[in-house]
1. Give me the percent relative contact order of the range 1-97, please, defined on Cα pairs under 8 angstrom at least 6 residues apart.
2. Hey, with R₀ at 22 Å, roughly what FRET efficiency would LEU113 and ALA65 work out to, going by the Cβ-Cβ distance, to 0.05?
3. Once you place label points 7 Å from the Cα toward the Cβ at ALA72 and GLU11, how far apart are they in nm?
4. Note down the relative contact order for the chain as a percent, whole number, built from C-alpha pairs under 8 angstrom at least six residues apart.
5. Given the DSSP H assignment, sum -39500 (n - 2.57) over each helix run of at least 4 residues in the chain and divide by its residue total; what's the result at 222 nm in deg cm²/dmol, nearest 500?
6. Where in the chain are the DSSP H helices whose alpha-carbon span along the long axis reaches 27 Å or more and whose Kyte-Doolittle mean is at least 0.0?
7. How many nm separate the modelled label positions at LEU154 and ARG18, each set 7 Å beyond the Cα in the direction of the Cβ?
8. For Cα extents along the principal axes in Å, one of (1) 118, 27, 22; (2) 50, 38, 33; (3) 49, 33, 26 was computed from the structure I shared and the rest are decoys. Which label?
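Derivation of every value follows stated rules applied to the coordinates shown; laboratory data play no part. A quick note: this is a predicted structure, and the numbers were derived from the prediction, not measured. Here the Cβ positions follow ideal geometry from the backbone for every residue, glycine too, while neighbour counts run over all protein chains shown.
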Amino acid sequence: DMAALGVALVEESFGSLRAMVREIRSQGGDVDDVINRSVDVIAQHVHEQPTHFRFLARERHGGVAAVRAAIAAELDGFVRDLVEDLSAQPESVGWSAAEVRVLAELYVNHTMLTATAILEATTGDPQSRAVSGAWRGEQDILDAARMQLRLISLGRRHWLDERPRGSSGGSGP
């Protein structure tokens, strides 16, 4: 059945990527090293499995409900892994569990957007993207991704400095 096939493809697509990302985080290093290795691994994985990423990008917000649920569950697994890692870091002292989860979701969502942008830069019709103004080369995308992740990291280091007094970092805006 098509739903079962789609779910199996989701699990296959995310399985190896999740292992690679865990390996990057376990290697340690400073923030810039982890960012650079992460962006490189995402780009490599997109190049190695473009049809899987095209499928994931298309089905994440459309298509069969079982496939959407499988994608959401896999992304949530990435978030849970990252919450565990981030919570253990000294920079997370004073952060609520909800704040750490939001940060992990930000990183994971950014990674998915980067993967989609890489895919768009390396496949399809470059002429139509150039005319629409959407054209960016892959290196531009990778450079922007690294910069955006560094900005997120910088914001993380100063989050507690800017939190309004009396805020517990709960679920409100």
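1. Working: 47 pairs, mean separation 35.6, N = 97.
After rounding, I find 37 percent.
2. Values: r = 23 Å, r/R0 = 1.04.
Result of the calculation: an efficiency of 0.45.
3. Reported label-point gap for ALA72 and GLU11 is 1.9 nm.
4. On the way: 119 pairs, mean separation 46.6, N = 173.
For the chain, the relative contact order is 27 percent.
5. Details: 7 runs with 135 residues, N = 173.
Computed mean residue ellipticity for the chain: -26500 deg cm²/dmol.
6. Numbers: long enough: 2-27 (38 Å, 0.45); 65-87 (32 Å, 0.63); 97-122 (38 Å, 0.74); 138-162 (35 Å, -0.57).
Counting only whole DSSP H runs, the qualifying helices are 2-27, 65-87, 97-122.
7. A separation of 3.4 nm, rounded to one decimal place.
8. Given (1) 118, 27, 22; (2) 50, 38, 33; (3) 49, 33, 26, the calculated one carries the label (2).
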